[in-house]
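A short worksheet on the structure shown next.
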């Protein structure tokens, strides 16, 4: 049986071979005899080519019908615009009934004020009030227009000239809002692709400016020069393209979030070694640091030309509002055309510019205000040396005296609530206004939170003693 | 062209002001101030209701508050920057605008840039008009949300975008949008068109999107009592989720506000970085706003407010119709106090500006980057403090300069005398 099948199979195969070979029995192509299997292979080749050249099968995309879109739109439920209000959001700030000087009135009671950045005690100064009054009578309140369209009043130009003269820089530009100074200046110069090395403790205005600039941001440890050095080193060596990119270092002279003072001489040395440009925010050091109040450059003995861009908000030592940026004439001219907070916004009210001019004159003529302020800072440090549960985290010469919590509860929210309670009790029981740290969810700074005291030249010794005693008592009651 | 912009003035931005003449040193490079002053008619400042100079009701109160509370508090609102004037101002603004509560900041530009990131973040969608102001664009970019632009003032395009976005997002990624905010302005600064608010609000209600209205140019200038676009078009303020405005135009002060429901404002006070970190608005400026609102509402015991509002409407409509009769191409809707005169050609921009200045009329001109290259324009801002003679003089000068620079693109309407001559035929 088997052999029969095998023989039949063999016979069949022979027959097929002969049949297929028959047509091409005598074909010889290129010296090769064509056999039947070549035909099969060529046919297969064609089939493969045809299949590959066909478009792959996709089910046709059926667009949604109007009815389907309607249904989807009806189904969609958005989140509420505002999340529900929690207990801690109902906290109301104290309402002042008199000028925010070293002593002020809250709820009819006299209160010692350590919450205003009135470092030289110029709030309520008669010369400032006089110049404001005459400016109000002459110019009204607002300037009714941006700087490009008749919003430039001669007082603005005088103020810019005065600031340039005070700081010995070629030119200055005025902004109408302190916080907008940094968030307009940084995106003006730093564009996509540039590298910015910034301190991790910079305040929110600078963070916003960095975000809007779309540059590559690298943070270094707060006020740590070794960390800055290694960061700069890494950037310059790792990425070969760095040499062709614009590079900036952004720092604050006196950090608002911690009271530390930046070591400008070391920053300038590093900047010159690695060829970076420095943008410095002198809001809390203008009028405060240095022998004559000319800021961080004078304090460290560094010529101000070494800093490329200096910005400052005037709502601190100068007891007015607004901000300015000073530096090279070309840098300032460029900002007049392309800084968004300057071009698209109404200009500073003229009476505030006039107040700034008078404030600078007062600082120039009264150097004893700086001496008094420095003495007050030293006295306050002495009084708070032995406080329990908190430690002094700021620089001994900085007008922002920062007490950070020694032991954190683990959650920033809990810490903030505790500090708020401490500040509230200081106000209610001891009539003291102090600043407890506040954090918006947009703020990326992760420095420790605490209580801030803003020292003024107008505080008396008894005020300083009172606040030290009160804080020591509250710290021992609430924190231990 | 540097002399056409940033012209300094040496007096209040009233109907007439003293312009400081400048010297060109070294061609275009340096412009120095001289001591010469030129008295010019002011058609360039945003002084809609005429509060921009010494006012008999406002200025004494402002000086009083300056003496009591000083020019600045040097502190943020949550620390020691809230004074009784700030609290009064927020209540006053909320009542005026027609919402439950308000929050006030020291700069109008910063108000938009700092509030939008708090309201919406990643996973949300912002649909904004194509001609929105730079502060809204900045705020939208800073928020991290997705942004779509809809054609200027076209509600049908807005509806199409809303339908597309909601449906596609759900079918493609299965992660629907967290929320959608539509941002529009009351009056657009360059085109001077009034927003089609009723249609936009009804579309947003249908698709459950939130409405954010920026009334920078319309608050205090539009509507019977100056309450803005909502009053003019009869839209209920309860339908607006967030209303924003600035004080630098009609109220001649500085700063901006956000008005909304009680919960919304409480949330913003707790989280908005400008409220937590920035110095509070200067107290005399705040007092100016309160006094200006009182004058507008007639609460100062006189009807100067109503007079001002009527006068600005009359002035603007008269000026606009006269300009159109002369043959100029003038944009802007009826009642808008700012009217752009189209110049088109870039070379006519400095020519128009300089010729007008020669006749002592100060005009603001706008060219490329703020507007498209071939759509240069001169922007006229009418104020309630302009008298009829001022307007007539301005019209004469503009007509003369218009003939000189050739911008009367339309045929002039025939004068009435000539019409009468034609009709009275000799018998």
Checklist outcome for this item: From the option list A:382, A:407, A:413, A:372, single residue qualifying as modelled with pLDDT under 90 and in a helix (DSSP H, G or I) is A:413
Item to check | Number of the condition not met by residue A:50 [criteria: (1) surrounded by 11 or more Cβ atoms within 10 Å (Cβ to Cβ); (2) modelled with pLDDT of 85 or more] | outcome: (1)
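With respect to residue A:150, is the statement that it is free of Cβ contacts under 8 Å to residues at least 12 places away in the same chain and surrounded by 24 or more Cβ atoms within 10 Å (Cβ to Cβ) true? Write out each step before concluding.
Working: free of Cβ contacts under 8 Å to residues at least 12 places away in the same chain: yes; surrounded by 24 or more Cβ atoms within 10 Å (Cβ to Cβ): yes.
So residue A:150 fits the description; yes.
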Checklist entry - Does at least one position in segment A:306-323 carry a residue that is over 24 Å from the mean Cα position of the chain (by Cα), touching a residue at least 24 places away in the same chain (Cβ under 8 Å) and part of a loop (DSSP other than H, G, I, E, B)? => result no
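Within segment B:171-182, does at least one residue satisfy the condition of being assigned to a helix (DSSP H, G or I) and modelled with pLDDT of 90 or more?
no
Quick one: which residue in B:310, B:286, B:292 is surrounded by fewer than 24 Cβ atoms within 10 Å (Cβ to Cβ), more than 25 Å from residue A:79 (Cα to Cα) and modelled with pLDDT of 90 or more?
B:310
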Item to check | Index of the failed condition, residue B:319 passing every other in (1) more than 9 Å from every other protein chain (Cβ to nearest Cβ); (2) assigned to a loop (DSSP other than H, G, I, E, B) | outcome: (2)
Item to check | strands (runs of 3 or more DSSP E) (entirely within segment B:1-116) containing at least 3 residues that are closer than 26 Å to residue B:242 by Cβ | outcome: B:101-105
Checklist entry - Condition test on residue A:164, is it over 30 Å from residue B:42 (Cα atoms), at pLDDT 90 or above, more than 10 Å from chain B (Cβ to nearest Cβ) and within 30 Å of the chain's Cα centre (by Cα)? => result yes
Item to check | Pairs, first farther than 21 Å from residue A:229 by Cα and in the same structural domain as residue A:450 (by the TED database) in segment A:189-210, second at pLDDT 90 or above and buried (at least 23 other Cβ atoms within 10 Å of the Cβ), C-beta under 9 Å, six or more apart | outcome: none
Next on the checklist: Kindly evaluate residue A:157 against the criterion of being surrounded by fewer than 24 Cβ atoms within 10 Å (Cβ to Cβ), within 11 Å of chain B (Cβ to nearest Cβ) and not in a loop (DSSP other than H, G, I, E, B).
Outcome noted: yes
Next on the checklist: Any residue at all in segment A:93-115 that's in a loop (DSSP other than H, G, I, E, B), under 32 Å from the mean Cα position of the chain (by Cα), more than 7 Å from every other protein chain (Cβ to nearest Cβ) and without any contact (Cβ under 8 Å) to a residue 40 or more places away in the chain?
Outcome noted: no
Checklist entry - more than 14 Å from chain A (Cβ to nearest Cβ) and either in contact (Cβ under 8 Å) with a residue 40 or more places away in the chain or touching a helix residue (DSSP H, G or I) at 6+ places or on another chain (Cβ under 6 Å) (or both), is that true of residue B:351? => result yes
Item to check | Output for segment B:79-96, where each listed residue is in contact with a strand residue (DSSP E or B) (Cβ under 9 Å, 6 or more places away or on another chain) and either closer than 13 Å to residue A:117 by Cα or at the interface with chain A (Cβ under 7 Å from one of its Cβ atoms) (or both) | outcome: B:79, B:80, B:81, B:82, B:83, B:84
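Name the single residue that is surrounded by the most Cβ atoms within 10 Å (Cβ to Cβ) among those in segment A:324-367 being part of a loop (DSSP other than H, G, I, E, B) and more than 10 Å from chain B (Cβ to nearest Cβ).
Step one: of segment A:324-367, the residues part of a loop (DSSP other than H, G, I, E, B) are A:328, A:339, A:344-345, A:347-349, A:366-367.
Retained after the next criterion (residues that are more than 10 Å from chain B (Cβ to nearest Cβ)): A:328, A:339, A:366-367.
Values: A:328: 14, A:339: 24, A:366: 16, A:367: 11.
The qualifying residue surrounded by the most Cβ atoms within 10 Å (Cβ to Cβ) is A:339.
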Item to check | Leading residue by the ranking (farthest from the other protein chains (Cβ to nearest Cβ)) among those in segment B:184-207 that are part of a strand (DSSP E or B) and in contact (Cβ under 8 Å) with a residue 60 or more places away in the chain | outcome: B:194
Checklist entry - So residue A:135 fits all but one of (1) in a helix (DSSP H, G or I); (2) within 13 Å of chain B (Cβ to nearest Cβ); (3) out of contact with any helix residue (DSSP H, G or I) (no Cβ under 6 Å at 6 or more places or on another chain); what number is the exception? => result (3)
Checklist entry - Is one or more of the residues making up segment A:234-247 under 15 Å from the mean Cα position of the chain (by Cα), touching a residue at least 24 places away in the same chain (Cβ under 8 Å), within 30 Å of residue B:140 (Cβ to Cβ) and away from every other protein chain (no Cβ under 14 Å)? => result no
Checklist entry - Filter segment A:423-446 for residues that are touching a residue at least 40 places away in the same chain (Cβ under 8 Å) and more than 14 Å from chain B (Cβ to nearest Cβ); which is surrounded by the fewest Cβ atoms within 10 Å (Cβ to Cβ)? => result A:429
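Is there a residue being farther than 30 Å from residue B:177 by Cβ and either at pLDDT below 85 or in the same structural domain as residue A:415 (by the TED database) (or both) anywhere in segment A:59-75?
No, because not a single residue in segment A:59-75 is farther than 30 Å from residue B:177 by Cβ and either at pLDDT below 85 or in the same structural domain as residue A:415 (by the TED database) (or both).
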Checklist outcome for this item: When segment B:233-263 is checked residue by residue, the ones that are more than 12 Å from the chain's Cα centre (by Cα), within 7 Å of chain A (Cβ to nearest Cβ) and not in a helix (DSSP H, G or I) are B:241, B:253, B:254
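For segment A:118-129, indicate whether the set of residues that are under 17 Å from residue B:68 (Cα atoms), in contact with a strand residue (DSSP E or B) (Cβ under 8 Å, 6 or more places away or on another chain) and facing another protein chain (nearest Cβ under 7 Å) is non-empty. It would help to see each step written out before you state the result.
Of all residues in segment A:118-129, those under 17 Å from residue B:68 (Cα atoms) come to A:118, A:121-129.
From the residues that got through so far, the ones that are in contact with a strand residue (DSSP E or B) (Cβ under 8 Å, 6 or more places away or on another chain) too are A:118.
With facing another protein chain (nearest Cβ under 7 Å) added as a condition, the list becomes A:118.
Looking for residues that are under 17 Å from residue B:68 (Cα atoms), in contact with a strand residue (DSSP E or B) (Cβ under 8 Å, 6 or more places away or on another chain) and facing another protein chain (nearest Cβ under 7 Å), one finds at least one in segment A:118-129, hence yes.
The values are calculated or read from the model by the stated rules, or taken from the named source; none is laboratory data. Bear in mind the structure is a predicted one, so any value in this text is a computation, not a measurement. Every residue, glycine as well, gets a Cβ built from its backbone with ideal geometry; the counts of neighbours run over all protein chains shown.
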